[in-house]
Amino acid sequence: MMTSLSHERTLRRCVFLFQVLALFLVMIYDANALSSNRIYFAALLVGLTYLANLIVRRFMKGERFLFIIATFMLSIGTIMIFRLDDAAGFKQIVWILAGFGVFFLSYFAMKYIPKLEKPTFFYFGAAVVLFVATALFGVTINGARNWIIIGPISVQPTEITKILMVFFISSYYAKYEKYKGTRLRGKPVGQFLLLACVYVLIALAVLQRDLGTVMILAAIFLALQYMYEPNRKMILLNLGLMIVGGLVATLLFSHIRVRITTWINPWDHIDDIGYQITQSLFAVASGGFLGTGIGLGMPQTIPLAESDFIFAAICEEMGILTGMGLIMLFLILVYRSYKIAFHQKSLFARSVAIGLSTMFAAQSFIIFAGVLKVIPLTGITIPFVSYGGSSMLASFMALGILQYLSEHKEKRSHGK
């Protein structure tokens with residue numbers, strides 16, 4: 001116990017030290033731009049993260065590292081966002097504050113709302129409603145219709161649908177014996193019920209041309225199906241459908257073919273469709289192991305450097321060493337999240353934790369691999385790091401749920 005507390009204090013001090021040093025560099029890289037606003041920004045970031053960590057340490061038990069890791073990652077991202085754009089940095093601080101609120105709300109909601117495993121099809125219906133609302137009232141940005149703009153605020157409902165799908169699948173498997181006997185016109189369809197519902201959600205994401213969300217939903221479903229599906233043939237069927245669906249989507253949607261083309265050989269299209277990925281690779285390479293230094297690189301030449309391509313901007317000015325550190329932080333976050341899952345006694349709680357852990361793992365892998373040209377780009381954000389409110393709120397919601405589950409490992413199983 002003392003060792004754990006010692007490690008916790010050490011990590012918290014590392015966060016504080018990183019914030020102070022990085023913010024000092026941000027404020028002095030352009031001495032002419034130094035103002036009280038920058039000082040306020042520094043005080044807000046340091047103060048908010050310290051206060052939030054203090055509340056978690058004092059009033060919450062269970063897993064002690066998840067929240068510290070999240071604040072470390074958001075510190076890296078927010079400092080880079082502020083270096084790129086002062087106004088965006090201040091907006092990100094507002095989203096972080098809202099994210100802290102969502103973290104505590106989701107934690108207490110899990111604590112005081114009983115029997116969350118019961119409303120199985122409520123989660124499915126809510127996810128469908130969000131998809132339909134986005135299709136009707138959303139706008140298309142960067143080829144995907146996954147944004148709803150309300151005045152000065154833009155939200156991405158698909159961030160919440162990922163969590164809803166985790167709860168839907170988890171609730172289904174917790175009550176598998178009930179649903180497997182479902183019959184339609186006298187024929188047993190129970191074992192295909194979950195498959196059909198999940199593919200409705202994936203199809204709605206495909207219609208919005210949101211390839212990143214499709215990949216994350218597919219990863220969550222595959223992980224939970226692998227863990228809990230008694231009929232192993234259903235897993236093979238699911239894999240076959242995903243392969244066929246991917247091929248059909250590639251033929252139907254030109255923007256998917258464009259992304260594959262730029263992935264295979266962006267250098268032939270460096271002046272147009274390949275510009276973004278090539279600038280990303282140039283940035284990572286020019287930063288070297290230790291980086292050019294904050295304020296001394298040119299990450300502003302990368303389109304969407306504060307959101308989709310923030311990892312390239314971080315590698316350029318903070319170095320590949322910091323990029324590797326960020327990847328390691330995600331590996332630790334995912335590892336400790338899965339560890340929480342495997343200590344749950346309830347099938348529903350264990351499944352929710354596995355689903356949320358897979359969501360973090362899939363989302364981080366897809367964007368890191370896309371920026372480094374390992375896989376085609378998908379246009380998603382890095383949880384806790386990239387600029388954007390919807391991703392920040394959804395990530396903290398998932399983190400709050402995992403924090404609650406880490407404190408309730410000994411609950412008696414309600415499911416199978």
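A few remarks follow.
- Boolean, Leu105 is farther than 20 Å from Val20 by Cβ and touching a Ser or Thr at 6+ places or on another chain (Cβ under 9 Å): no
- From the options Lys178, Lys118, residue that is over 21 Å from the mean Cα position of the chain (by Cα), surrounded by fewer than 17 Cβ atoms within 10 Å (Cβ to Cβ) and closer than 24 Å to Thr358 by Cα: Lys118
- There is at least one residue in the range 354-374 that is among the hydroxyl-bearing types (Ser, Thr, Tyr) and either free of Cβ contacts under 8 Å to residues at least 12 places away in the same chain or in contact with a Pro (Cβ under 9 Å, 6 or more places away or on another chain) (or both).
- From Arg58, Arg83, residue being crowded, with 17+ Cβ neighbours inside 10 Å and more than 19 Å from the chain's Cα centre (by Cα): Arg83
- Restricting attention to the range 75-111, the residues being of a type in the set (Asp, Glu) and part of a helix (DSSP H, G or I) number 1.
- Candidate set from the range 103-115 (those that are surrounded by 21 or more Cβ atoms within 10 Å (Cβ to Cβ) and in contact with a Phe, Trp or Tyr (Cβ under 7 Å, 6 or more places away or on another chain)); member that is farthest from Gly389 (Cα to Cα): Tyr107
- Some residue of the range 321-330 being in contact with a Pro (Cβ under 9 Å, 6 or more places away or on another chain) and either at pLDDT 95 or above or of a type in the set (Phe, Trp, Tyr) (or both): yes
For every residue, the table says whether it meets (1) crowded, with 24+ Cβ neighbours inside 10 Å; (2) closer than 30 Å to Pro152 by Cα; (3) not assigned by TED's automatic domain parsing to the domain that holds Thr261.
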| site | (1), (2), (3) |
| --- | --- |
| Leu331 | no, no, no |
| Gln344 | no, no, no |
| Phe360 | no, yes, no |
| Val385 | yes, yes, no |
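- Checking Ala218, Ala223 one by one, the residue that is more than 15 Å from Phe131 (Cβ to Cβ), surrounded by 14 or more Cβ atoms within 10 Å (Cβ to Cβ) and without any contact (Cβ under 8 Å) to a residue 60 or more places away in the chain is Ala218 and no other.
- Just one of the listed residues (Ile380, Ile340, Ile375) is crowded, with 21+ Cβ neighbours inside 10 Å and part of a loop (DSSP other than H, G, I, E, B), and it is Ile380.
- Any hit, the range 353-371, residues being within 26 Å of Ala109 (Cα to Cα), at pLDDT 95 or above and β-branched (Val, Ile, Thr): yes
- Residue within the range 62-74 that is modelled with pLDDT under 90 and in a helix (DSSP H, G or I) present: no
The values are calculated or read from the model by the stated rules, or taken from the named source; none is laboratory data. In this text the structure is predicted, and so the values were computed from the model without any measurement. No Cβ is skipped: glycine too gets one built from the backbone with ideal geometry, and neighbour counts run over all protein chains shown.
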